[in-house]
Amino acid sequence: MAAVTQTQGQDTPPWWSSLPEPKAPIHALEAEDVAQLLESHASAGPNSTKSFLLVDVRRTQWEGGTVTTSLNLPAQTLYQTRPTIYQLCKQANVKTIIFYCGTSKGRGPLCAGWMQDYLNQVGEASISAVILKGGIEGWHSKYGGELMDWYDDKFWTRKQSS
């Protein structure tokens, strides 16, 4: 996957090279759509169930914060854990698994594709894997620190000045 960048030695293949290329087409949700899901869930009360799961697939680049309620599952471990993620989502009645990384141009789509391939493989039509368009950077550009957990303004200030 050419969009995924990682510093590697000349002879070291990227971590994803031994894994299959995703086959399933992946849909993208706009930041506004995800914000609406989060706000709808928040207004439904503390005992309401969530029909979606946000998954941040960044490994060490999660500095600066995450979209609120996100679970961090690094991309490097996601392929092997798809059956467990599926079972947990099925038990929790999750209908949409929303993946993102820094910009949702590399690891986010890769992981969403792998997850959707797995859902297709097991014949699961009631759950879909999608990406958050623009990733955490797009989210921050749109909302700043709103609807973010562990928000660190200093990180974003440094990022914008570099």
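Coordinate-derived values only; no laboratory data. Everything numeric here is computed off the predicted structure, so don't read it as measured data. Cβ: placed from backbone, ideal geometry, glycine included. Neighbour counts: every protein chain shown.
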Two pseudo-spin positions, 7 Å from Cα along C-beta at Thr77 and at Ser161, lie apart in nanometres by 3.4
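What is the dipole size for the range 49-116, taken about its Cα centre, with +1 at each Lys and Arg Cβ and -1 at each Asp and Glu Cβ, in debye to the nearest 20?
Values: 8 positive and 2 negative charges, 32 e Å.
With only Lys, Arg, Asp and Glu charged at Cβ, the dipole is about 160 debye.
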About its Cα centre, the range 21-87 carries a charge dipole, from +1 on Lys and Arg Cβ atoms and -1 on Asp and Glu Cβ atoms, whose size in debye to the nearest 20 is 340
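Per the Kirkwood definition applied to all pairs of different Cα atoms, how many angstroms is the hydrodynamic radius of the chain? Write down the numbers at each step before the final one.
On the way: mean 1/r = 0.0612 Å⁻¹.
This gives a value of 16.3 Å.
Do the sum for the chain: with -39,500 (n - 2.57) for every DSSP H run of n ≥ 4, divided by all residues, what is the mean residue ellipticity at 222 nm, to the nearest 500 deg cm²/dmol?
-12000 deg cm²/dmol
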If the label point sits 7 Å along Cα→Cβ of Thr103, residues of the range 125-141 with amide N under 12 Å come out as 134-138
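Only helices at least 30 Å long along their own axis, judged from Cα atoms, and with Kyte-Doolittle mean hydropathy of 0.0 or greater: name those in the chain from DSSP H. Write down the numbers at each step before the final one.
Details: long enough: none.
Passing helices, by number: none.
Starting with the highest mean, order 81-92, 98-109 by the number of other Cβ atoms within 10 Å, averaged over the residues of each peptide.
On the way: 81-92: 14.3, 98-109: 25.2.
The densest-packed peptide leads the list: 98-109, 81-92.
In nm, what is the difference between 0.36 nm times the number of residues separating Thr49 and His27 and their Cα-Cα distance?
5.6 nm
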